[in-house]
Amino acid sequence: MKVSAFPPDGSGFEAFVRQSAAGLLRLGHILTLDRTAAEDLAQETLIRVGLAWSRLRSDGNPVGYAQRTMVNLFLNERRRRRPMLTDKIPETPREDIALAAVDSIAAVRQILATLPPKQRAAIALRYVADLTDDEIGRLLGCTPATVRSQLSRGLSSLRATMTAEG
């Protein structure tokens, strides 16, 4: 039985956000290739996780749920954007040094932009979120064999692009 570090009450959600927001933002940045879009994607993901927090069981996997939510939002091009009003101003954001390093490398963004969204998502989930083929398959709604195929094709495309530019 998996025991979550985040109890399914409201107080655990704040701890979850503090511990996982930076990682979700990095994943969102790799998926969207745009810092502003990544911030919007991470925020929408956290809103949806927050709304579902009371339904998450104590043996659930809120990080996995958040990653799946983020990937679904990314792959769904018909995302609705509507403002959500809050009664207090959120905490001041902290700069993520790892994200800032990726953000400053325009070449990486251009190379990743050549990949189709599912290949980019599979590569991000493998190399940024460090997930297995089975976990990635569940998030992308495909078999582990399809995940391996997406990874292989994506890496092959990245190698070809890097060799051509190098």
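The values are calculated or read from the model by the stated rules, or taken from the named source; none is laboratory data. Everything quoted here is computed from the prediction, not taken from an experiment. Please note: Cβ atoms are built from the backbone with ideal geometry, for glycine as well, and neighbour counts cover all protein chains shown. When the accessible area is computed, the model is the full protein with side chains, heavy atoms only, and any ligands, DNA or RNA have been set aside. Shrake-Rupley method; radii C 1.70, N 1.55, O 1.52, S 1.80 Å.
Taking 7 Å steps out from each Cα toward its Cβ at residue 108 and residue 61 produces label points 2.5 nm apart. Extension gain, residue 36 to residue 15: 0.36 nm times the residue separation minus the Cα-Cα distance gives 5.2 nm. Of 26, 138, the residue with the largest accessible area leads and the full order is 138, 26 (1.4 Å probe). Taking 70, 162 and ordering them by how much accessible surface each has at a 1.4 Å probe, largest first, produces 162, 70. Determine, from the Cβ-Cβ distance of residue 155 and residue 72 and an R0 of 30 Å, the FRET efficiency 1/(1 + (r/R0)^6), rounded to the nearest 0.05. Taking R0 as 30 Å, the efficiency between residue 155 and residue 72 is 0.80.
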